[in-house]
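Notes follow once the structure below has been shown.
The values are calculated or read from the model by the stated rules, or taken from the named source; none is laboratory data. For clarity, every value in this text was computed on a predicted model and none was experimentally measured. No Cβ is skipped: glycine too gets one built from the backbone with ideal geometry, and neighbour counts run over all protein chains shown. These area figures cover heavy atoms from the full protein model, side chains too; ligands, DNA and RNA do not enter into them. Shrake-Rupley method; radii C 1.70, N 1.55, O 1.52, S 1.80 Å.
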Amino acid sequence: MAYCNQKGPSRAAVLLFAVASGTAVANVYFAQPLLATLGGEFGIGTGAVGAVVTATQAGYGLGLLLLVPLGDVLDRRRLVPAQLLLLAGALALLGTATRVPVLFASAAAVGLLAVVTQTLVAAAASLASPADRGRVVGQVTSGIVVGILLARTVSGVLADLGGWRSVYLVSAAVTTLLALLLRRTLPLQQARPRVRYPELLRSTVALFVREPLLRARGLLALLLFAAFGTLWSCVALPLTDLGLSHTAIGAFGLAGAAGALAAAPAGRLHDRGLGVRTTTVALVLLALSWGPLALVRHSLWWLALGAVLLDLAVQAVHVTSQSMIYTRRPDAGSRVIGGYMVFYSAGSALGAVASTALYAAAGWSAVCALGAGFSLAALAVSRMGLSSERSPMPEIRLAVPSDRPAVERIVQAAYAPWTEVIGTPPLPLGSDYAALIEAGRVHVLDDLSGLIVLIPEDGRLLVDNVAVDPSRQGEGLGRRLLDHAEEQARALGLPALRLITNEKMTSNIARYERRGYRETGREEIQGRHAVHMAKTL
């Protein structure tokens with residue numbers, strides 16, 4: 001079965017991607033526990049100081065539109081380090097700012113360049129096999145979650161030890177080091193398609209116009225991160241009023257860091273076809289989290305509980321969304337993730353400016369009501385958007401001669417990338433599909449997104465070939481085709497199925513084993529190390 005298209009990134013590479021992504025995105029959130037201090041030093045009132053965060057988020061949104069799409073056409077091995085070095089320069093400027101215009105301009109520049117985080121997410125997704133993509137994206141996103149939430153803790157501690165400027169100067173040094181490490185770690189890329197920059201930007205918008213799933217998940221991200229920003233952009237203000245230090249305020253990021261625990265499991269649930277269910281459960285938790293958060297003045301333990309629930313929910317939905325949209329258009333991974341993150345950035349900025357202004361006018365209870373409203377709206381949007389995420393499973397029929405070009409295209413797209421892994425073209429690439437179709441051996445999904453070749457034998461049904469269009473992998477189509485094979489075997493009165501795969505296609509072997517297939521032998525077939533597997537019905 002062709003599910004994977006490359007070996008995938010090493011554990012060390014995924015760890016470095018996670019650390020670099022988390023460090024870069026942390027820069028967007030460093031100001032949150034410092035708002036009261038920044039307002040006092042630069043003479044900015046309580047109702048307006050949230051605009052520092054808004055400026056950073058606005059820069060981040062602009063970077064998502066202007067910089068992230070470059071990851072689809074430029075060599076990421078050069079793009080990522082260059083962007084990190086520019087980010088280090090912007091951090092140094094922010095850390096030495098003495099005037100309000102410089103403060104806001106450098107904050108916006110930090111946001112603009114911190115979108116390197118999304119370039120790294122797309123890089124990790126492109127290197128992962130479709131069967132493991134949710135897991136890899138989840139692991140990198142775990143790093144991002146830790147970076148976002150520990151940003152407040154690190155920022156508070158450094159501000160208490162060395163002043164708020166030390167936060168940005170230390171980050172500039174760390175970012176420079178990461179740029180050097182990634183320059184050595186990122187793999188060389190093959191020649192990318194030449195696309196004019198204006199055309200590249202237009203294509204990002206066109207993707208969201210054409211794809212309902214991208215629009216649905218984008219709107220969900222806007223509301224989701226508006227709720228997230230409502231809490232984390234404003235919570236420093238009531239905690240400051242309660243007399244807490246920068247370090248104590250930042251420490252509440254440790255409670256929210258539990259959200260990192262949801263990232264990898266959510267990715268694995270997506271890989272199992274449970275992305276929609278995961279989204280619904282997480283959004284219910286998000287809405288419920290505002291109950292304990294509203295009780296912060298009664299006990300800080302309520303704040304800790306609410307923060308854990310909120311961040312678990314947000315990250316579960318976030319990882320699921322990114323896995324879904326990348327699976328839909330892996331050929332434009334940087335653009336779909338960048339476009340999706342525009343909605344994320346807009347929501348975060350909305351939450352930041354609305355919550356701080358509302359706190360100044362009506363207090364913390366009104367802020368919690370706002371967050372709950374965003375959360376319930378996200379739940380409503382997710383329910384309305386299910387049709388674009390969970391379309392009925394396509395029916396299966398016998399292929400007809402006119403299907404041959406589509407059949408050969410799917411087989412080529414699904415199996416050709418395995419050539420480098422196993423050292424020779426997989427056997428399905430050399431099959432005569434015109435003859436197989438004429439013999440009634442090829443069964444296709446009626447939307448021509450996948451196929452299975454079934455050949456009856458003496459007492460068994462041979463699963464000769466299963467292939468799913470790479471742009472549709474992760475939607476459960478492979479499982480649907482294998483279920484069909486079992487149905488056909490029973491209809492023919494055959495008590496068992498068998499198949500042959502390659503010993504280097506380890507993810508597929510594991511997948512078959514989970515479905516009840518067991519290895520029955522190994523041999524060399526036309527220079528290929530074949531693994532025989534069978535399943536008794």
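Between the helical axis of 197-210 and the dominant principal axis of the chain, each derived from Cα atoms, what acute angle in degrees is found, rounded to the nearest 10?
The two axes meet at around 70 degrees.
Which distance in nm do the two modelled labels at ARG78 and ALA491 give, with both placed 7 Å along the Cα-to-Cβ direction?
A separation of 5.5 nm, rounded to one decimal place.
Through the Karplus equation 6.51 cos²θ - 1.76 cosθ + 1.60, θ set to phi - 60°, convert the phi angles of the stretch 66-73 into ³J(HN,Hα) values in whole Hz; use x for Gly and Pro.
9, 10, 4, x, 4, x, 7, 10
Under the 0.36 nm per residue contour assumption, what length would be gained going from the current alpha-carbon distance of ARG397 and ALA434 to full extension?
Residue separation times 0.36 nm, minus the Cα-Cα distance, leaves 11.7 nm.
Around ASN502, which amide H atoms from residues at least 5 apart in sequence, or from another chain, sit under 5 Å from its own amide H, with H modelled in the peptide plane?
Placed amide hydrogens put VAL531 under 5 Å from ASN502.
Using amide H atoms built 1.01 Å from N in the peptide plane, name the residues 5+ places from LEU186, or on other chains, whose amide H lies under 5 Å from its own.
none
Could you pull out every residue, at least 5 positions away or on a different chain, whose amide H is within less than 5 Å of the one on ASN465? Hs are placed 1.01 Å off N in the peptide plane, and Pro or chain starts have none.
VAL453
Per residue, how much accessible area does the stretch 114-186 have with a 1.4 Å probe, in Å²?
30
Counting only GluC sites (Glu not before Pro) that are in a DSSP loop and have at most 16 other C-beta atoms within 10 Å, tell me the longest site-free stretch of the chain.
1-394
Can you tell me the length gained on complete extension of the stretch GLN412 to THR536, counting 0.36 nm per residue apart and subtracting the Cα distance?
Gain in length upon complete extension: 41.6 nm.
For the stretch 424-537, with every protein chain kept in place, what is the accessible area per residue (1.4 Å probe, Å²)?
Per-residue value: 44 Å².
Ignoring ligands and nucleic acids, what accessible area does ARG335 show with a 1.4 Å probe (Å², nearest 10)?
Surface accessible to solvent at ARG335 totals approximately 40 Å².
Putting +1 on Lys and Arg Cβ atoms and -1 on Asp and Glu Cβ atoms, find which of THR204, SER155, SER126 reaches farthest to the positive end of the dipole of the chain.
Value: SER155.
Work out the FRET efficiency for ASP160 and THR419 from their Cβ-Cβ distance, taking R0 = 60 Å, and round it to the nearest 0.05.
0.60
For the stretch 236-241, in order, what is each residue's ³J(HN,Hα) by Karplus, 6.51 cos²θ - 1.76 cosθ + 1.60 with θ = phi - 60°, in whole Hz (x at glycine and Pro)?
For the stretch 236-241, the Karplus curve yields 5, 5, x, 5, 5, 4 Hz.
Quick check on the stretch 421-537: take the gyration tensor over C-alpha atoms, sort the square-rooted eigenvalues as a ≥ b ≥ c, and tell me if it's rounded (a/c under 1.5), prolate or oblate.
It comes out rounded by the Cα gyration axes.
Rounded to the nearest 0.05, what FRET efficiency do LEU177 and SER10 give with R0 = 22 Å and r taken as the Cβ-Cβ distance? Could you check?
0.65
What part of the accessible area of the chain, given as a whole %, is carbon or sulfur when the probe is 1.4 angstrom?
The nonpolar share, carbon plus sulfur, comes to 61 percent.
Can you compute the charge dipole magnitude of the chain about its Cα centre, using +1 on each Lys and Arg Cβ and -1 on each Asp and Glu Cβ, nothing else charged? Give it in debye, rounded to the nearest 20.
520
Provide the gained length on full extension for the span ARG202 to ARG518, in nm with one decimal, where the gain is 0.36 nm per separating residue minus the Cα-Cα distance.
Once the chain is fully extended between ARG202 and ARG518, it gains 108.8 nm.
Defining a contact as two alpha carbons under 8 Å apart and six or more residues distant in sequence, what relative contact order in percent does the chain show?
19
Compute the semi-axes of the equivalent ellipsoid of the stretch 52-120, taking the square root of 5 times each eigenvalue of the Cα gyration tensor, and list them largest first in whole Å.
Whole-Å semi-axes of the equivalent ellipsoid: 23, 13, 7.
Calculate one ³J(HN,Hα) per residue across the stretch 176-188 by plugging θ = phi - 60° into the Karplus curve 6.51 cos²θ - 1.76 cosθ + 1.60, and present them in order as whole Hz with x for glycine and proline.
In residue order, the calculated couplings are 4, 4, 5, 4, 5, 5, 5, 4, 8, 9, 4, x, 5 Hz.
Nearest 10 degrees, 0 to 90: what angle lies between the long axis of helix 404-415 and the longest principal axis of the chain (Cα atoms)?
Tilt of helix 404-415: around 60 degrees.
In degrees, nearest 10, range 0 to 90: what is the angle between the Cα axis of helix 477-491 and the longest Cα principal axis of the chain?
30
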